[in-house]
Amino acid sequence: MLDKWIKTILAITGLFILLSLNNSQARAENSWGFGTDIGFLADTADDTVFSLSFQGDYFLHSEFSIGPQLIITPGGDLTQITFAGIARYHIPLGSVSLIPFGGLGFVYADYESGRRDDDDASYIFPFGATAAFHISRKVSLASTLIFTFQDLDLNNRRNSDNFNIGLLFGFRFHP
């Protein structure tokens, strides 16, 4: 099963690289942006938990970017680390940009309850939208609503471990 997911991710990554190499105009505009957020994930194995998010954006075109996203949930009884490849489409609306996104990745969760310790790893499908409020040409305040689907199997779960909703606030730094 894991072998199938690795092959799929490698094929998608190869396709994105091939598309970026064939477009000479986009190559001249390519550059990296990054962002960081703080917020919470609801409906996890430990109910609602504090989260940190870090992401990179490699712009293939002025409105389209791809990049990694790392979400770390370090608090309480649950430690969860999510890493995903995300595609984003940037829609400028004056001083605000609406950025719908979706991706594919992996999640690792370690849940400790008393003397029992349970952990699991799974695939993850994150999607959602970010509203970026431009402070300057290079910096934006961001608010992100993220939905994630995964297949975690933890014995001590209080809620469903297959779907989480997150609300994050942070900054975006543009190229």
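Taken together, the values in this text are just the output of simple stated rules run on the coordinates, not laboratory data. This is a predicted model, so every value here is computed, not measured. Virtual Cβ from ideal backbone geometry, glycine too; neighbours counted across all protein chains shown.
What ranking do ARG88, ARG137 get, fewest neighbouring Cβ atoms within 10 angstrom at the top?
ARG137, ARG88
Apply the Karplus parameterisation 6.51 cos²θ - 1.76 cosθ + 1.60, with θ equal to phi minus 60°, to every residue of the stretch 87-95 and state each ³J(HN,Hα) to the nearest whole Hz, in sequence, with x for glycine and proline.
Taking θ as phi minus 60°, the curve returns 10, 10, 10, 8, 10, x, 10, x, 8 Hz for the stretch 87-95.
So what are the ³J(HN,Hα) numbers for the stretch 132-142, from phi and the Karplus equation (6.51, -1.76, 1.60; θ = phi - 60°), rounded to whole Hz, Gly and Pro as x?
These are the phi-based 3J(HN,Hα) values: 9, 9, 6, 8, 9, 5, 10, 10, 9, 8, 10 Hz.
Mark the label point 7 Å from the Cα of PHE50 along Cα→Cβ and return the residues of the stretch 78-109 whose backbone N is within less than 15 Å of it.
Of the residues in the stretch 78-109, 78-80 have backbone N under 15 Å from the label point off PHE50.
Under a plain spin-label model, where a point goes 7 Å from the Cα along Cα-to-Cβ, how far apart in nm are PHE171 and ILE72?
1.7
List the residues whose amide H sits under 5 Å from the amide H of GLY76, counting only those 5 or more places along or on another chain, with H placed 1.01 Å from N in the peptide plane.
For GLY76, whose amide H was placed from the backbone, there are no distant partners under 5 Å.
Would you kindly derive the ³J(HN,Hα) couplings of the stretch 165-174 from the backbone phi angles with the Karplus curve 6.51 cos²θ - 1.76 cosθ + 1.60 (θ = phi - 60°), listing them in order in whole Hz, with x for Gly and Pro?
10, x, 10, 10, 10, x, 10, 10, 10, 9
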